[in-house]
Amino acid sequence: QVQLVESGGGLVQPGGSLRLSCAASGSIFSIYAMGWYRQAPGKQRESVAVITSGGTTNYADSVKGRFTISRDNAKNTVYLQMNSLKPEDTAVYYCKFEARDDDYWGQGTQVTVSS
């Protein structure tokens, strides 16, 4: 059974940085893309950043220039480096793997940006 385990969330002051990680346990074949999504209270889940198997990246306009997504294919792990964090980045962050047989979601990790 495949599980995605996220880590790296927490409380940080505005302007600070966090690095999220998401690792898959179990076997996943043909991962097409890995991504990070977030959901703030009272809002819909939104895409933050996606990276394809070929390394192409796509970012939400609100995080361009501040967040960087990367992946380690050998470890089936995706990362999200978040710099210059703002209070509006506060949300539960979820990772997602899009694979040949199914889509997989992590359990979510809380990121809170507050002074």
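The values are calculated or read from the model by the stated rules, or taken from the named source; none is laboratory data. Model, not experiment: these values are computed from the prediction. Cβ sites come from the backbone with ideal geometry, for glycine too, and all protein chains shown count toward neighbours. Surface accessibility is based on the protein's heavy atoms, side chains included, excluding ligands, DNA and RNA. Shrake-Rupley method; radii C 1.70, N 1.55, O 1.52, S 1.80 Å.
Whole number in Å², please: accessible area per residue of the stretch 9-104, 1.4 Å probe, ligands, DNA and RNA not counted.
Heavy-atom accessible area per residue stands at 52 Å².
Please compute the contact order of the chain in relative form: average sequence separation of alpha-carbon pairs under 8 Å and at least six residues apart, divided by the residue count, as a percent. Could you put the intermediate results ahead of the total?
Details: 281 pairs, mean separation 42.4, N = 115.
Once divided by the residue count of the chain, the mean separation gives 37 percent.
What ranking do 34-41, 58-65 get when scored by the average of other Cβ atoms within 10 Å per residue, highest first? Before the final figure, lay out each step's value.
Details: 34-41: 19.4, 58-65: 13.2.
My ranking of the peptides, most packed first, is 34-41, 58-65.
Go through G8, C22, G42 and say which Cα lies farthest out towards the positive end of the charge dipole of the chain; charges sit on Cβ, +1 for Lys and Arg, -1 for Asp and Glu.
G8
What percent of all Cα-Cα pairs in the stretch 1-103 falls into each 5 Å bin, going from 0 up to the bin containing the maximum distance?
Binned Cα distances yield the sequence 2, 12, 25, 25, 18, 10, 5, 1.
The stretch 10-36 to the stretch 72-115: how many Å between their Cα centroids?
Answer, in whole Å: 4.
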